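J.: I'd like to ask some things about the structure below.
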Amino acid sequence: MKRLFKEIFFRLTNIVGLPEDRASILMYHSISESDYFASVKPSEFKRQMSYLAGKKIPVISLAELVRRLKTGESMNGSAVITFDDGYRDNYTAAFPVLKKYGLPATIFVTTNLIGKKDTRGLERLTIADMKEMEASGLIAIAPHTKSHMKLSTLSNEAARDEIAGSKRTLEEAPMKRAGEFAYPFGDFNDETVRLVIGAGFDAAVTALEGTVGPNDDQFRLKRNSIDRSTSFSQFKGKLSRAVDLYQKLKS
């Protein structure tokens with residue numbers, strides 16, 4: 001019943017649109033045929049990216065969004081594309097589609113898992129994959145901690161090492177400067193935020209849903225999850241104020 005209500009809600013409300021002063025950050029994980037709940041089928045991902053391009057929805061990098069937040073410039077009703085965990089299918093399945101449409105994205109990588117497989121058998125990005133993507137000018141590689149633990153459960157020293165250590169690993173790879181950070185599991189508290197700021201990041205993204213506006217905290221940026229359960233109507237709704245209305249109804 002809950003899933004049916006959600007589908008009907010987004011079908012009825014995604015015409016609300018996104019005003020000039022807001023943006024929607026999309027959160028992906030794996031782009032594969034895997035039955036992992038956070039995966040999106042390659043065919044569906046292509047459909048979603050084609051929609052963004054066909055509707056001429058402005059797609060900007062996360063770094064550009066952060067810059068606009070700092071300067072007070074218009075969000076222009078933009079979308080931002082992000083991926084968490086650093087699955088290799090971001091390179092094999094998502095990257096060709098992003099290149100086709102010229103869409104920028106940020107991939108948050110768990111640095112201790114680079115080049116390895118997870119318990120589902122899903123491969124992680126290699127250093128060579130990441131360098132090639134960054135060299136394209138479309139993809140930014142950013143830290144998602146060293147080992148993907150809930151930061152709020154760790155001591156300050158351990159959390160600091162997870163945060164700063166992952167930044168250092170990517171910058172020494174060498175990658176470009178890592179300016180943005182993603183909290184594993186969307187888990188954070190005030191002390192976590194302080195540590196992220198102290199590590200020299202410009203912004204951090206959460207797993208809280210909703211759009212981003214001019215008064216939002218750049219170290220608590222909301223993102224809208226796109227996963228296996230996300231219908232196309234819900235995808236479109238997460239590019240509009242419909243997602244904000246839905247979150248208000250849930251609270």
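J.: Please count how many residues of the range 113-158 are part of a helix (DSSP H, G or I) and among the charged types (D, E, K, R).
T.: Residues of the range 113-158 that are part of a helix (DSSP H, G or I), as a first pass: 113, 127-135, 151-153, 156-158.
Checking which are among the charged types (D, E, K, R) leaves us with 129, 131-132, 134, 157.
Total satisfying the criteria: 5.
J.: Additional query: Could you grab me the full set of residues in the range 107-130 that are under 12 Å from residue 175 (Cβ atoms) and within 19 Å of the chain's Cα centre (by Cα)?
T.: 107, 109, 111, 114, 125, 129, 130
J.: Suppose we filter 202, 190 for residues that are touching a residue at least 60 places away in the same chain (Cβ under 8 Å) and either under 29 Å from residue 72 (Cβ atoms) or touching a Leu at 6+ places or on another chain (Cβ under 9 Å) (or both); which single one remains? Outline the logic, then answer.
T.: Working: 190 fails: touching a residue at least 60 places away in the same chain (Cβ under 8 Å).
Result: 202 is the single residue among 202, 190 that is touching a residue at least 60 places away in the same chain (Cβ under 8 Å) and either under 29 Å from residue 72 (Cβ atoms) or touching a Leu at 6+ places or on another chain (Cβ under 9 Å) (or both).
J.: Can I ask one more? Criterion first (buried (at least 18 other Cβ atoms within 10 Å of the Cβ) and small (Gly, Ala, Ser)) does residue 198 satisfy it? Reasoning before the result, please.
T.: Details: buried (at least 18 other Cβ atoms within 10 Å of the Cβ): no; small (Gly, Ala, Ser): yes.
No.
J.: If you check residue 161 against the conditions, is it charged (D, E, K, R) and in a strand (DSSP E or B)?
T.: Working: charged (D, E, K, R): yes; in a strand (DSSP E or B): no.
No.
J.: Looking only at residues that are modelled with pLDDT under 95 and in contact with a strand residue (DSSP E or B) (Cβ under 9 Å, 6 or more places away or on another chain) in the range 109-129, which one is farthest from residue 162 (Cα to Cα)? Let's see the steps before the verdict.
T.: Taking the range 109-129 first, the residues modelled with pLDDT under 95 are 117-122.
Next, only the ones that are in contact with a strand residue (DSSP E or B) (Cβ under 9 Å, 6 or more places away or on another chain) stay: 117-118, 122.
On the way: 117: 20, 118: 19, 122: 22 Å.
Here the residue is 122.
J.: Could you grab the pairs with beta carbons closer than 6 Å, sequence gap of 6+ or different chains, first residue in the range 221-244 and over 24 Å from residue 20 (Cβ atoms), second one part of a strand (DSSP E or B)?
T.: 225/27
J.: Let me ask something additional. Please find, within the range 201-211, the residue that is farthest from residue 18 (Cα to Cα) out of those that are crowded, with 22+ Cβ neighbours inside 10 Å and of a type in the set (Val, Ile, Thr).
T.: 205
J.: Which one is nearest to residue 243 (Cα to Cα), of the residues in the range 67-78 that are touching a residue at least 60 places away in the same chain (Cβ under 8 Å) and surrounded by fewer than 22 Cβ atoms within 10 Å (Cβ to Cβ)?
T.: Going through the qualifying residues, I end up with 77.
J.: A further question on this structure: Looking only at residues in the range 238-251 that are touching a Leu at 6+ places or on another chain (Cβ under 9 Å) and surrounded by 20 or more Cβ atoms within 10 Å (Cβ to Cβ), which one is nearest to residue 10 (Cα to Cα)?
T.: 242
J.: OK, next. Closer than 24 Å to residue 170 by Cα, modelled with pLDDT of 95 or more and in a helix (DSSP H, G or I), is that true of residue 91? Full working, then the answer.
T.: On the way: closer than 24 Å to residue 170 by Cα: yes; modelled with pLDDT of 95 or more: yes; in a helix (DSSP H, G or I): yes.
So residue 91 passes the test.
J.: Being crowded, with 23+ Cβ neighbours inside 10 Å and hydroxyl-bearing (Ser, Thr, Tyr) narrows it down to one residue among 169, 145; which is it?
T.: On the way: 169 fails: crowded, with 23+ Cβ neighbours inside 10 Å.
That would be 145, the only listed residue that is crowded, with 23+ Cβ neighbours inside 10 Å and hydroxyl-bearing (Ser, Thr, Tyr).
J.: So in the range 24-58, with the set limited to residues that are part of a loop (DSSP other than H, G, I, E, B) and among the basic types (Lys, Arg), which one is surrounded by the most Cβ atoms within 10 Å (Cβ to Cβ)?
T.: Keep residues of the range 24-58 that are part of a loop (DSSP other than H, G, I, E, B), which gives 29-30, 32-39, 41, 55-58.
Of the ones still in play, those that are also among the basic types (Lys, Arg) are 41, 55-56.
Numbers: 41: 15, 55: 10, 56: 7.
Selected residue: 41.
J.: Within the range 212-219, identify whether any single residue is surrounded by 18 or more Cβ atoms within 10 Å (Cβ to Cβ) and closer than 23 Å to residue 31 by Cα, and answer yes or no.
T.: Checked against the condition, which is being surrounded by 18 or more Cβ atoms within 10 Å (Cβ to Cβ) and closer than 23 Å to residue 31 by Cα, the range 212-219 yields no hits at all.
J.: What are the residues in the range 77-94 that are more than 12 Å from the chain's Cα centre (by Cα), among the hydroxyl-bearing types (Ser, Thr, Tyr) and closer than 24 Å to residue 211 by Cα, if any?
T.: Passing the criteria: only 78.
J.: Return yes when residue 166 is within 16 Å of residue 84 (Cα to Cα), modelled with pLDDT of 95 or more and either touching a Cys at 6+ places or on another chain (Cβ under 7 Å) or of a type in the set (Gly, Ala, Ser) (or both) and no when it is not.
T.: Numbers: within 16 Å of residue 84 (Cα to Cα): yes; modelled with pLDDT of 95 or more: yes; either touching a Cys at 6+ places or on another chain (Cβ under 7 Å) or of a type in the set (Gly, Ala, Ser) (or both): yes.
Criteria met by residue 166.
J.: Scan the range 89-97 and tell me whether some residue there is crowded, with 18+ Cβ neighbours inside 10 Å and among the polar types (S, T, N, Q).
T.: So far as the range 89-97 goes, yes, one or more of its residues are crowded, with 18+ Cβ neighbours inside 10 Å and among the polar types (S, T, N, Q).
The values are calculated or read from the model by the stated rules, or taken from the named source; none is laboratory data. These numbers were taken from a predicted model, which means no experiment stands behind them. No Cβ is skipped: glycine too gets one built from the backbone with ideal geometry, and neighbour counts run over all protein chains shown.
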